[in-house]
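Bear in mind these aren't lab numbers, they're just calculated from the coordinates by the rules spelled out. What you are looking at is a predicted structure, and each value in this text was computed from that prediction instead of being measured. Using ideal geometry, Cβ is built from the backbone for each residue, glycine included, and neighbour counts are taken over all protein chains shown.
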Amino acid sequence: MTDAASSWSELFERRNATALVTLSLGVALHAFNGFLVATALPTAVIEIGGVQLLSWAFTVYLVFAIIGGAGAARLKQMAGGRQAMIVSALVFLAGTLIAGMAPSMPVLLAGRALQGVGEGVISALCYILIPELFPSRLIARVFGVEAMVWALGAFGGPLISGVLTEALSWRMAFFVNVPVVALFLILVVRVVPPDASVPEAKAKAVPLGRLAGCAIGIMMVAVAAISGDVGAASLLILSALAILVGVFVADRRRPDRLFPSDAFAFTTTVGAGLWMILLMPIAHASSSVYLNITIQHLWGYGPTVAGFVHAMMALSWSGSALIFAGIDDPGRRLVLIRLGPVLIVAGLLGTVLAIAYDMPRALLPCQIVIGTGFGGNWAFLSQAIMEAARPGERDAATTMLQVVLSSGFALGSAIAGLVANLAGFAPTAGAEAIVGPIALALAVGAGLGTFGILAGFGVRLPRPAPSR
């Protein structure tokens, strides 16, 4: 049996398999509920009203998930991994019940906020626990499995919630989480070891000010993404960036840091890697926002075809992650890390050409290239950041992975919307009127992605010690 096959076999041994299922359930809850609103809430607003707040059901979940993720490492320090996971799951469950029983849209949004903060912590803790529950040789394979779980959640969220909404009620799309959370809690108690002692962090105060700063900054980015006013969106993005930079600067001066001390430094693997994780989704967000509307409004295809093309990115991400996960050579891993943003930029530029020169068939391979860029990069880059973290900062560095990725998509969506609106994006004015603005938004995204290519040269992987 080859080493790669042996490692995969080891991953699915009973003890490792139980841990893998536990972490996969936590990630799946995040993926499923992130996409649930797309199919369930259009029906919900007919019953409870609040159609003007429809987009906020996604925005609130995303913002609070990012904030929950940002505080996850600190919560683990204060309460221990098992306790933090259990409390967060109960918060998520409370949000699920509130949203599922909501008599009005504001109440539903409150439930979504609790869902977001609970699942944000759970998702971040799942990544934190990977190096604690699995040996280093299996970590890339675990990330490959989690990439597949995320893709299945992205598919399953709209599909399952749609079936439940049509067959029973939109409320059942929320309540389906209840048995899943119950199973997750049972597995957590069984798999996650209790901390023998929680360090003196218990006595320290929760950094509410910095968490509030993160919340305000991310919320401003989210508002900018759905703002119809170009001037207001520009001001919100600039203000959000100023606040978030201020939070990072303040955090570096504190002993009880939320973030790694070298976060976003250009000269360390952790800092350069986080720049890559931020810039790659910023670049790709333009495609996420405008690909479906381009396929439907420019070329007249239906939602099914548009959804299939869009889904190829997620499928390529998960498929390539599984294929490449068996690579153990550090040199080849580093090549894939640095190749990731190159493929994403290439796929975006190909999409620009497909739109500009009326070549819809070129979109599918472009999405495959983009997904392969993420899939070949994500597991190895994430592991590199984990293992390069300074002493005592591994949890904080691991927490940043999902937080920065989600923040990148939020910021990228806002930037893409701002660029397209400045260029005169008006889908009601005819198909031709959207070509220039969307192509420009994608081109700007590709331009930002080139900085991710440069950041890749700051990532280093240790060479294995020579055998004697």
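The table below gives the values:
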{"read-out": "Loop trypsin sites (Lys or Arg not before Pro), region 241-300, which have at most 12 other Cβ atoms in a 10 Å radius of their Cβ (DSSP)", "value": "ARG253"}
{"read-out": "FRET efficiency for LEU454 and ILE293, using Cβ-Cβ distance with R0 set to 25 Å, rounded to 0.05", "value": "0.20"}
{"read-out": "Trypsin sites (Lys or Arg not before Pro) restricted to DSSP loop in region 74-167 with at most 14 other C-beta within 10 Å", "value": "none"}
{"read-out": "Farthest positive-ward along region 1-204 dipole, Cα basis, beta-carbon charges - from SER169, VAL149, THR96", "value": "THR96"}
{"read-out": "Segment ALA250-VAL189, length gained on full extension (0.36 nm per residue, minus Cα span)", "value": "18.3 nm"}
{"read-out": "Mean ellipticity per residue at 222 nm, deg cm²/dmol - from DSSP H runs of n ≥ 4 across the chain, formula -39500 (n - 2.57)", "value": "-27000 deg cm²/dmol"}
{"read-out": "Helix runs (DSSP H) in the chain reaching 24 Å along axis by Cα, Kyte-Doolittle at least 1.0", "value": "81-100, 105-133, 136-167, 208-226, 230-252, 269-299, 303-324, 330-356, 394-422, 432-455"}
{"read-out": "Structure-derived Rg/Rh (Cα atoms, Kirkwood Rh) - corresponding label in (i) 0.95; (ii) 1.01; (iii) 1.12", "value": "(i)"}
{"read-out": "Dipole of the chain [Lys/Arg +1, Asp/Glu -1 at C-beta], most positive-end residue of LEU401, ALA272, PRO193", "value": "PRO193"}
{"read-out": "Estimated FRET transfer efficiency when R0 is 41 angstrom, pair SER239-ALA356 (beta carbons, to 0.05)", "value": "0.75"}
{"read-out": "Signed unit charges on C-beta, dipole axis of region 262-462, positive-most listed residue ILE323, ALA414, ALA443", "value": "ILE323"}
{"read-out": "Estimated FRET transfer efficiency when R0 is 22 angstrom, pair VAL180-VAL87 (beta carbons, to 0.05)", "value": "0.80"}
